[in-house]
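All remarks here apply to the structure that follows.
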Ligand SMILES: Cc1cc2nc3c(=O)[nH]c(=O)nc-3n(C[C@H](O)[C@H](O)[C@H](O)COP(=O)(O)OP(=O)(O)OC[C@H]3O[C@@H](n4cnc5c(N)ncnc54)[C@H](O)[C@@H]3O)c2cc1C
């Protein structure tokens with residue numbers, strides 16, 4: 001049996017464990033440095049399932065991930081299928097239309113909405129500036145903790161071992177291939193290491209003696225407003241791609257974001273009060289009806305991107321047995337099922353994976 005060690009117990013690592021365990025051909029251990037899984041991006045996101053995206057390869061993963069969340073073949077998970085409403089203006093609107101056309105070809109149920117339709121569904125958009133809108137009924141908001149737990153529980157039911165408070169500190173290689181990983185507790189033999197270490201993914205590559213690809217952890221804040229009785233919990237999430245904001249119903253109020261992106265070292269980020277000012281300015285300018293909302297609580301998380309903003313998935317050609325499942329950026333909730341399936345499938349469809357290979361970031 002092949003010994004596989006997955007480093008990172010977030011959505012990427014958990015999904016790979018879940019799908020890899022289906023074959024029954026691997027002895028799998030997931031190592032997570034924190035005492036709980038989901039402490040980092042996988043527990044700090046906006047939980048939105050999104051199928052309208054600008055790149056073709058990503059669109060296929062989003063579509064497959066969204067289908068998994070809707071159909072729930074492995075475990076039940078709460079999914080509020082209230083749809084998404086993407087808004088844009090000028091060049092952004094042309095690009096959104098193209099993304100929607102591509103998604104339609106993939107079978108996504110997106111439709112162009114008039115301004116009147118948008119306002120009827122989400123009345124706070126009455127004074128909002130935007131040129132065009134795309135509504136997708138099959139998007140929505142998933143219970144992220146349930147999704148993460150589901151992957152882990154499903155994997156454990158097929159013999160996968162999860163060790164928390166288990167930080168990987170080194171990777172042993174011999175004759176051009178992976179042999180073991182080192183932790184504070186000692187050495188664990190491994191034929192294959194899956195790098196699902198989120199913002200620390202390139203540190204792990206360094207431990208294996210590999211030159212680091214460029215990965216960029218970008219901090220983003222989310223805010224939850226006080227209770228607001230004018231919010232209808234069945235609103236779709238609304239995302240204006242040109243203005244750079246999104247909002248959706250959350251806990252009787254709204255979850256708000258001004259799409260901030262600030263480069264950060266890998267860490268557990270603190271909130272920055274300056275971004276709260278940006279948020280207030282953003283909503284005052286673009287959605288006056290939502291200006292001045294009192295904020296109940298806020299947090300920040302890291303979205304980690306490849307240098308060209310793409311995912312990094314699949315075997316590393318420089319070291320046999322080193323496999324990437326990293327840089328899921330702002331799409332890791334939606335795509336985690338597809339990423340898990342793709343990475344676990346051994347990359348037998350090269351045409352699907354070429355765009356995600358680490359090689360492109362090493363040139
Ligand atoms: C504010 C915000 C909003 C977002 N909104 C959405 C959204 O609405 N929809 C969507 O699809 N996506 C969204 N995302 C993106 C999504 O959350 C991420 O893409 C996804 O969670 C990444 O999962 P991951 O497992 O790769 O990384 P992580 O969740 O960061 O997990 C990596 C894990 O590896 C562990 N680790 C690292 N190094 C080691 C080591 N040496 N040893 C052992 N363990 C180690 C870490 O402790 C961590 O738990 C959002 C992200 C943020 C921050």
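I'd like to know if the stretch 74-90 contains one or more residues that are within 24 Å of residue 306 (Cα to Cα), within 15 Å of the ligand (Cβ to nearest atom) and part of a loop (DSSP other than H, G, I, E, B). Checked the stretch 74-90: no residue is within 24 Å of residue 306 (Cα to Cα), within 15 Å of the ligand (Cβ to nearest atom) and part of a loop (DSSP other than H, G, I, E, B).
If you filter the stretch 283-295 down to residues that are in a loop (DSSP other than H, G, I, E, B) and touching a strand residue (DSSP E or B) at 6+ places or on another chain (Cβ under 8 Å), you find that the one that is farthest from the ligand (Cβ to nearest atom) is 294.
State which residue is farthest from the chain's Cα centre (by Cα) when the search covers only the stretch 1-48 and only residues that are near the ligand (Cβ under 7 Å from one of its atoms) and assigned to a strand (DSSP E or B). It comes out as 31.
Out of 279, 222, 241, 255, which single residue is modelled with pLDDT of 95 or more, more than 26 Å from residue 39 (Cα to Cα) and in the same structural domain as residue 115 (by TED's automatic domain parsing)? Unique residue meeting the criteria: 241. For residue 242, the requirement of being more than 20 Å from the chain's Cα centre (by Cα) and within 12 Å of the ligand (Cβ to nearest atom) is not met. Taking the stretch 296-319 on its own, how many of its residues are more than 14 Å from the ligand (Cβ to nearest atom), touching a helix residue (DSSP H, G or I) at 6+ places or on another chain (Cβ under 8 Å) and either part of a strand (DSSP E or B) or under 18 Å from residue 255 (Cβ atoms) (or both)? Residues that pass the stated criteria total 1. In the stretch 147-177, what count of residues is obtained for those that are surrounded by 14 or more Cβ atoms within 10 Å (Cβ to Cβ), out of contact with any strand residue (DSSP E or B) (no Cβ under 8 Å at 6 or more places or on another chain) and part of a helix (DSSP H, G or I)? Going through the stretch 147-177 one residue at a time, the tally reaches 7. Scanning the stretch 178-204 for residues being outside any strand (DSSP E or B), buried (at least 21 other Cβ atoms within 10 Å of the Cβ) and within 11 Å of the ligand (Cβ to nearest atom) gives a total of 8. Number of residues in the stretch 79-93 that are under 14 Å from residue 287 (Cβ atoms) and without any contact (Cβ under 8 Å) to a residue 60 or more places away in the chain equals 0. Being within 18 Å of the chain's Cα centre (by Cα) and surrounded by fewer than 17 Cβ atoms within 10 Å (Cβ to Cβ): is that true of residue 328 here? It is false that residue 328 is within 18 Å of the chain's Cα centre (by Cα) and surrounded by fewer than 17 Cβ atoms within 10 Å (Cβ to Cβ).
The values are calculated or read from the model by the stated rules, or taken from the named source; none is laboratory data. Because the structure is a prediction, the values reported are computed rather than measured. Here Cβ is always computed from backbone atoms with ideal geometry, including for glycine, and neighbour counts include all displayed protein chains.
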